[in-house]
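Below is one structure, written out as structure tokens; comments come after it.
The values are calculated or read from the model by the stated rules, or taken from the named source; none is laboratory data. Quantities reported herein were computed from a predicted structural model and do not represent experimental measurements. Neighbour counts run over all protein chains shown; Cβ positions are idealised from the backbone, glycine included.
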Amino acid sequence: MMNEKNGKNELGDLHPDSQVVAAGRPARTPDAPLNPPIELSSTFHAGGEVGYGRFGNESWFALEEAISLLEGAPTLTFASGMAAINAALSILPRGSVVIASKNGYTGAMKVLRTLEESGAIAVRYVDVSNTDEVLAALPGSAMLWVESPTNPALEVADLPLIIAEAKRAQIIAAVDNTFSTGLIQKPIEMGADISMNSVTKFIAGHSDVLIGSLSISNAEIFNKISDARKFGGAIPGPFEAWLALRGVRTLSVRLERAQANAMELATRLSKHPAVERVRYPGLASDPHHERAAKFMKGFGAVLSIEVKGGAAAADKACESSKLITYATSLGGVESLWERRHRWGSESPTIPINLVRISVGIENIDDLWADINQALSVSQR
Ligand SMILES: Cc1ncc(COP(=O)(O)O)c(C=O)c1O
């Protein structure tokens, strides 16, 4: 089965841009289809390796092969990114201490808080970009769960260092790699046990499917999480897996264009009179730039701005865009933006006027014209 491979099969020597195109294809035999069929079956003839539709499916395996190559470790896919996060946390013994970001994705924060309230785990919240704070939290912890760059503060952790120190302390090191994907940074190569993706975002890339993944370098952890998926039941649908595989084929070109657009917008926005602050690690002036440049191959396509005039002005900007969609989510071909505090659940450490922008692949001048007109409406 493809998901049992170590991420280094016969495609292992190719450039990642080629791997995402070539992975998960049926064998090259006469009249075999180029694309894997969508395997719609809950039930399988006895005597094989899969056994039942909750245990495996060829459509998942094809996608898992592509993500395994990107991330460099065997991969399990799930019904959503949140299902993947829940499965990873579910393997911890009761009472385990988890280190997590103060400013992480609100969904992950909610799960951590809920598990904490029920007594299942204890959480040490840290500023993941403050290496001393992370290192001080390591003793006695069971898992380091780090998102980098963080959503939506765009803070960058010193991943190579904190992963190495977590491993030295025999702590499970897990990275939420959603903002970067394996094309930009490879936590597993840095020594992490788990690299998680909300495949929903850049990997699938078309805002039409929810899927999550965990790429896992440690066999014991892989087996535990595989059981958590089998019996937790948060499996991806075969059609969703097929759509995500179709999406990943173009990941490298989408990301290249979206990152170039993000860099240009960040540069222009940092001089805009309606913008108090731009957060984007690609900007030389960003406090996280130097660190990010050391181990990231690019700076991603998400940036955040703080709009002059507070929450009302930020909302007005979002409501006034015509090309950019006012919506949550990120990583699709179409640009989206939203004021994060419109959700009651955003962390109090995030400024009230912060607008997260997921930059798509549209023409840069059209994007700029739209942002410019929306920001000028926001200041009236
Ligand atoms: C960084 C990050 N991790 C995890 C998730 C959860 O993924 P999903 O929406 O696929 O459940 C999200 C969703 O926004 C995210 O931004």
- prompt: What residue, among those in segment 176-191 that are among the small types (Gly, Ala, Ser) and within 14 Å of Leu70 (Cβ to Cβ), is nearest to the ligand (Cβ to nearest atom)?
  reply: Ser180
message: Name the residue that is nearest to Ser80 (Cα to Cα), counting only residues in segment 305-355 that are basic (Lys, Arg) and within 16 Å of the ligand (Cβ to nearest atom).
response: Arg340
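Could you pull out the residue among Val333, Val275 that is within 23 Å of Arg380 (Cβ to Cβ) and of a type in the set (A, V, I, L, M, F, W, C)? Spell out the reasoning first.
Details: Val333 fails: within 23 Å of Arg380 (Cβ to Cβ).
Just one listed residue meets the conditions, Val275.
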- prompt: What number goes with the only condition from (1) within 11 Å of the ligand (Cβ to nearest atom); (2) crowded, with 24+ Cβ neighbours inside 10 Å that Ala73 does not pass?
  reply: (1)
message: Kindly evaluate Leu265 against the criterion of being buried (at least 22 other Cβ atoms within 10 Å of the Cβ), in contact with a strand residue (DSSP E or B) (Cβ under 9 Å, 6 or more places away or on another chain), outside any helix (DSSP H, G or I) and outside the structural domain of Ser42 (by TED's automatic domain parsing).
response: no
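For Ala374, are the conditions met, namely being surrounded by fewer than 16 Cβ atoms within 10 Å (Cβ to Cβ), under 27 Å from Asn103 (Cβ atoms) and aliphatic (A, V, I, L, M)?
Working: surrounded by fewer than 16 Cβ atoms within 10 Å (Cβ to Cβ): no; under 27 Å from Asn103 (Cβ atoms): yes; aliphatic (A, V, I, L, M): yes.
Criteria not met by Ala374.
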task: Residues being among the β-branched types (Val, Ile, Thr), within 16 Å of the ligand (Cβ to nearest atom) and surrounded by 24 or more Cβ atoms within 10 Å (Cβ to Cβ): count how many of those fall in segment 192-232.
output: 5
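Rundown of residues vs (1) surrounded by fewer than 24 Cβ atoms within 10 Å (Cβ to Cβ); (2) at pLDDT 95 or above; (3) within 11 Å of the ligand (Cβ to nearest atom); (4) within 25 Å of Leu210 (Cβ to Cβ), yes/no style:
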residue: Leu89; (1), (2), (3), (4): yes, yes, no, yes
residue: Leu92; (1), (2), (3), (4): yes, yes, no, yes
residue: Lys102; (1), (2), (3), (4): yes, no, no, no
residue: Leu115; (1), (2), (3), (4): yes, yes, no, yes
residue: Ala137; (1), (2), (3), (4): yes, yes, no, no
residue: Ser141; (1), (2), (3), (4): yes, yes, no, no
residue: Thr150; (1), (2), (3), (4): no, yes, yes, yes
residue: Ala157; (1), (2), (3), (4): no, yes, no, no
residue: Ala169; (1), (2), (3), (4): yes, yes, no, no
query: Is one or more of the residues making up segment 11-25 of a type in the set (Gly, Ala, Ser), modelled with pLDDT of 95 or more and in a loop (DSSP other than H, G, I, E, B)?
result: yes
message: Considering only residues that are crowded, with 22+ Cβ neighbours inside 10 Å and assigned to a loop (DSSP other than H, G, I, E, B), which ones fall in segment 302-347?
response: Ile324, Leu330, Gly331, Gly332, Ser335
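Quick one: in segment 45-70, of everything that is assigned to a helix (DSSP H, G or I) and hydrophobic (A, V, I, L, M, F, W, C), which residue is surrounded by the fewest Cβ atoms within 10 Å (Cβ to Cβ)? So that I can check it myself, show each step before the final result.
Within segment 45-70, the first condition is being assigned to a helix (DSSP H, G or I), and the residues that meet it are 58-70.
Of the ones still in play, those that are also hydrophobic (A, V, I, L, M, F, W, C) are 60-63, 66-67, 69-70.
Numbers: Trp60: 30, Phe61: 22, Ala62: 26, Leu63: 33, Ala66: 29, Ile67: 31, Leu69: 27, Leu70: 28.
The qualifying residue surrounded by the fewest Cβ atoms within 10 Å (Cβ to Cβ) is Phe61.
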